[in-house]
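Note sheet for the following structure.
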Amino acid sequence: MPASAPLSDDPQPPAAPTLVKYAEPSDFPSRVAAELTAATDELLRPLGAPDRSALVELGEAGADPLREIVSTLLYRHDLGGRSFRQIQELVANLPQARIDEVFDLSTRARGRHDDLLREHRGGYTLAFDVLVDLGSFRDLHRHRRCVQVQQPLTWSHAFELPETVFDNGLGPRAALSALEGGLAEAYVEALLKAEQAADFVRPSAPLAAEYLQPLAYRTRCLFKMDWSEAAYIVEQRTQSQGHFSYRRVAWGMYEALRARYPKLAEPIRATDPDGPLDLLRR
């Protein structure tokens, strides 16, 4: 029986026509990033230095979703690392024309098949601005039911001090022994050497410099969510078997929620990281 004839003489059959339209790369995200970074630098320059006084801050729940989105856009593209509160206060006083201009800047390059940006996801009542070490951020990053808007990585937020890390991670007595044994100096020296190495490679390979950033350095990220997700994160991440760093963040979320909305905090089963440790609890 003769072999069946090939369906086509072309060794590379054409792609399915319904998918071809998605094959072209989109420059929408990169164009928006470049334009908004420049606009953000101009708008936020009057704010001066970033405020790093709080580990966790709950943003103001405004009635205007447009200003919330603009605040988020500026937060995302701020190379200076300002807090969400600082940016919200500035945006609240901007004229409407300036608000419209920033928003239009974020959408005008959108192509036919481009999704809106993550920063465009507005309308969440709870927005926690978190300043935390990169290691713990990677754990918190796993909570995918919330909207996460991370600022550009920077070395200017510095790293967690050895006194804090050793005391929280090892306990007071062990931390004292480690500090007296010279581990604090070794810890700081190792982190500063990484920063020096990053400075060396940054001119030729800026993205590679980010990979040299140790997990002890801090980053700033905005976590937007509804109440049930906030309760879930607090209950899961304050448990005694968790890492001390993200336990502090989750407890900070709980305290911020309790201060502003005490009734919403009542049912949440939070575990105080500074409370007594129950070794039998699982």
Exercise. Can we say Tyr232 is at pLDDT 95 or above, out of contact with any Leu (no Cβ under 6 Å at 6 or more places or on another chain) and either surrounded by 14 or more Cβ atoms within 10 Å (Cβ to Cβ) or of a type in the set (Gly, Ala, Ser) (or both)?
Worked result: yes
For this session: Kindly establish whether Asp78 is among the acidic types (Asp, Glu), at pLDDT 95 or above and not in a loop (DSSP other than H, G, I, E, B).
Result: no
Problem set entry | Enumeration of residues in region 115-132 that are over 11 Å from Lys224 (Cβ atoms) and assigned to a strand (DSSP E or B) | Val130, Leu131, Val132
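Just to be sure before I move on: is His143 at negative phi, at pLDDT below 90 and part of a loop (DSSP other than H, G, I, E, B) in the structure I sent?
Working: at negative phi: yes; at pLDDT below 90: no; part of a loop (DSSP other than H, G, I, E, B): yes.
Considered against the rule, which asks whether it is at negative phi, at pLDDT below 90 and part of a loop (DSSP other than H, G, I, E, B), His143 comes out as no.
From Leu105, Leu134, which residue is in contact with a helix residue (DSSP H, G or I) (Cβ under 6 Å, 6 or more places away or on another chain) and at pLDDT 95 or above? Show your work before the answer.
On the way: Leu134 fails: in contact with a helix residue (DSSP H, G or I) (Cβ under 6 Å, 6 or more places away or on another chain).
Checking each option against the conditions leaves just Leu105.
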For this session: Could you please find all residues in region 81-113 being of a type in the set (Gly, Ala, Ser), assigned to a helix (DSSP H, G or I) and surrounded by 14 or more Cβ atoms within 10 Å (Cβ to Cβ)?
Result: Ser106
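Identify, please: which residue in region 1-57 is touching a Gly at 6+ places or on another chain (Cβ under 7 Å) and at pLDDT 95 or above and is, among those, surrounded by the fewest Cβ atoms within 10 Å (Cβ to Cβ)?
Within region 1-57, the subset touching a Gly at 6+ places or on another chain (Cβ under 7 Å) is 26, 28, 44, 50, 55-56.
With the extra rule that they be at pLDDT 95 or above, the set shrinks to 44, 50, 55-56.
Values: Leu44: 21, Pro50: 20, Leu55: 18, Val56: 20.
Ranking the qualifying residues of region 1-57, first place goes to Leu55.
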Exercise. If you check Arg269 against the conditions, is it in contact with a helix residue (DSSP H, G or I) (Cβ under 6 Å, 6 or more places away or on another chain), loosely packed, with under 14 Cβ neighbours inside 10 Å and more than 27 Å from His120 (Cα to Cα)?
Worked result: yes
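Listed residues Arg237, Arg202, Arg248; which is crowded, with 17+ Cβ neighbours inside 10 Å, under 24 Å from the mean Cα position of the chain (by Cα) and over 22 Å from Asp51 (Cα atoms)?
Values: Arg202 fails: crowded, with 17+ Cβ neighbours inside 10 Å; Arg248 fails: over 22 Å from Asp51 (Cα atoms).
It is Arg237.
Within 28 Å of Leu36 (Cβ to Cβ), in contact (Cβ under 8 Å) with a residue 24 or more places away in the chain and surrounded by fewer than 14 Cβ atoms within 10 Å (Cβ to Cβ): does that describe Arg142?
Working: within 28 Å of Leu36 (Cβ to Cβ): yes; in contact (Cβ under 8 Å) with a residue 24 or more places away in the chain: no; surrounded by fewer than 14 Cβ atoms within 10 Å (Cβ to Cβ): yes.
Criteria not met by Arg142.
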Seminar exercise, completed: Checking Phe103, Phe128 in turn, the sole residue that is assigned by TED's automatic domain parsing to the domain that holds His77 and within 12 Å of the chain's Cα centre (by Cα) turns out to be Phe128
For this session: Could you tell me whether any residue of region 167-179 is crowded, with 17+ Cβ neighbours inside 10 Å and closer than 30 Å to Ala230 by Cα?
Result: yes
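Looking only at residues that are touching a Lys or Arg at 6+ places or on another chain (Cβ under 6 Å) and part of a loop (DSSP other than H, G, I, E, B) in region 147-167, which one is farthest from His77 (Cα to Cα)? Step through it out loud before you land on a result.
Just the residues of region 147-167 that are touching a Lys or Arg at 6+ places or on another chain (Cβ under 6 Å), to begin with: 147, 149, 151, 157.
When the remaining residues are screened for being part of a loop (DSSP other than H, G, I, E, B), the result is 151, 157.
Values: Gln151: 6, His157: 16 Å.
Filtering first and then ranking leaves His157.
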Seminar exercise, completed: When (1) crowded, with 18+ Cβ neighbours inside 10 Å; (2) in contact (Cβ under 8 Å) with a residue 60 or more places away in the chain; (3) within 18 Å of Glu57 (Cα to Cα) are applied to Trp227, the one that fails is (1)
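The values are calculated or read from the model by the stated rules, or taken from the named source; none is laboratory data. Just so it is clear, the structure is predicted and the values come from calculations on it, not from any experiment. Because the Cβ atoms are built from the backbone with ideal geometry, glycine has one as well, and the counts that use them run over all protein chains shown.
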